[in-house]
Amino acid sequence: MSESTFMGVPRDRIDWSPRIDYTKCNYCMECVEFCPHQVLEVNMDAEKKLIVKNPNNCVIFCRACSKTCGLDAIDFPNKNETTAHIKEIRKEAGGNE
Amino acid sequence: MEEKERLGFIMCVCTGKCPGFQAMDIWDFINQVRVELPVEYAFIHPQLCEEDGDRFLADFLKANRKVIIGACAPNMQKKMFKQAFKDAGLDVEKDCVMLDIRDMTNEKAFGIVKDALKKLGFEGDEEE
Ligand code: SF4
Ligand code: SF4
Ligand code: SF4
């Protein structure tokens, strides 16, 4: 993907992507249909028919797919912790302009 | 004759880092909309479905404004913005036109906004 930073922080240093609760998911694939970013991958032959294939394609702080999920089977990292983490990395890099 | 009330256009860009808007120059696009189309105004919001987006809509919709929102899937937008419209005394079904403008070029997205305006009775190239 061409965009690889968020607020100047490398995307792969920010842990933000859906967590699928397989005890709830019924593989209706609504979330996959919504998200155009190839974050989720479907493999009908596998035991887990849906996996988070490209977590770094996920838009930081987006939770849209979880809102499409009627079963509430998608969760995300804690936003405040993620924000704090981003700030920390920015400080480390001396990026306080 | 009474001035016809124009609609505002809000473009939501999923933080601006969303791959869904990669094929588009969002700055050119929003400028083209605000300059060339019969809208009251047009602007970009980074992430309408986030908490600050909710707060923004709460403030913004207070004036009972009708808007066009260009963002992601309309059914999703409906889900995400319903409460904000309701809180402002508006009805998301009637007072908002939701457009999916992901994965598009400027030209295509512009056409979609223009068509939506036309449907609402606002003709694009008419000079006043
Ligand atoms: S929308 Fe929910 S239930 Fe459906 S596939 Fe996605 S996570 Fe599973
Ligand atoms: S949170 Fe947004 S970007 Fe991430 S997988 Fe879901 S819909 Fe896609
Ligand atoms: S409303 Fe849609 S386009 Fe805007 S940030 Fe949320 S998911 Fe992205």
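The values are calculated or read from the model by the stated rules, or taken from the named source; none is laboratory data. For clarity, every value in this text was computed on a predicted model and none was experimentally measured. Cβ atoms come from the backbone with ideal geometry, glycine included; neighbour counts cover every protein chain shown. Just the protein is used for accessible areas: all its heavy atoms, side chains included, with ligands, DNA and RNA removed. Shrake-Rupley method; radii C 1.70, N 1.55, O 1.52, S 1.80 Å.
Quick check on the stretch A:12-22: of everything there that is within 16 Å of ligand 3 (Cβ to nearest atom) and within 14 Å of another protein chain (Cβ to nearest Cβ), which residue is nearest to residue A:65 (Cα to Cα)? Can you show your working first?
We begin by selecting, within the stretch A:12-22, every residue within 16 Å of ligand 3 (Cβ to nearest atom); these are A:16-18.
From what is left, the residues that are within 14 Å of another protein chain (Cβ to nearest Cβ) are A:16-17.
Working: A:16: 13, A:17: 10 Å.
My answer is A:17.
What pairs come out if I take residues in the stretch B:81-109 that are under 13 Å from residue B:68 (Cα atoms) and assigned to a strand (DSSP E or B) and pair them with residues that are away from ligand 3 (no atom under 16 Å from the Cβ) and modelled with pLDDT under 90 whose C-beta lies under 9 Å away, six or more apart or interchain?
Qualifying pairs under 9 Å: B:96/B:66; B:97/B:66.
Restrict the check to the stretch B:28-46 and report whether at least one residue is β-branched (Val, Ile, Thr) and within 14 Å of chain A (Cβ to nearest Cβ). It would help to see each step written out before you state the result.
Narrowing the stretch B:28-46 to residues β-branched (Val, Ile, Thr): B:30, B:33, B:35, B:39, B:44.
So of that shortlist, the ones also within 14 Å of chain A (Cβ to nearest Cβ) come out as none.
The answer is no; no qualifying residue exists.
Does residue A:63 meet the test of being open to solvent by 60 Å² or more (accessible area, probe 1.4 Å) and among the charged types (D, E, K, R)? Don't jump to the end; show me each part of the working.
Working: open to solvent by 60 Å² or more (accessible area, probe 1.4 Å): no; among the charged types (D, E, K, R): yes.
No, not satisfied.
Results for (1) loosely packed, with under 12 Cβ neighbours inside 10 Å; (2) in contact (Cβ under 8 Å) with a residue 40 or more places away in the chain; (3) more than 16 Å from the chain's Cα centre (by Cα), shown as yes or no for each residue.
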position: A:8; (1), (2), (3): yes, yes, yes
position: A:31; (1), (2), (3): no, yes, no
position: A:37; (1), (2), (3): no, no, no
position: A:41; (1), (2), (3): no, no, no
position: A:44; (1), (2), (3): yes, no, yes
position: A:58; (1), (2), (3): no, yes, no
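I need every pair where a residue in the stretch B:10-26 that is closer than 10 Å to residue B:105 by Cα has its Cβ under 8 Å from the Cβ of a residue that is surrounded by fewer than 23 Cβ atoms within 10 Å (Cβ to Cβ) and among the acidic types (Asp, Glu), sequence separation at least 6 or different chains.
B:22/A:3; B:23/B:103
Can you go through B:36, B:51 and tell me which one is open to solvent by 60 Å² or more (accessible area, probe 1.4 Å) and within 16 Å of ligand 2 (Cβ to nearest atom)?
B:51
Would it be correct to say that residue A:58 is within 11 Å of ligand 2 (Cβ to nearest atom) and either acidic (Asp, Glu) or touching a helix residue (DSSP H, G or I) at 6+ places or on another chain (Cβ under 8 Å) (or both)?
So residue A:58 fails the test.
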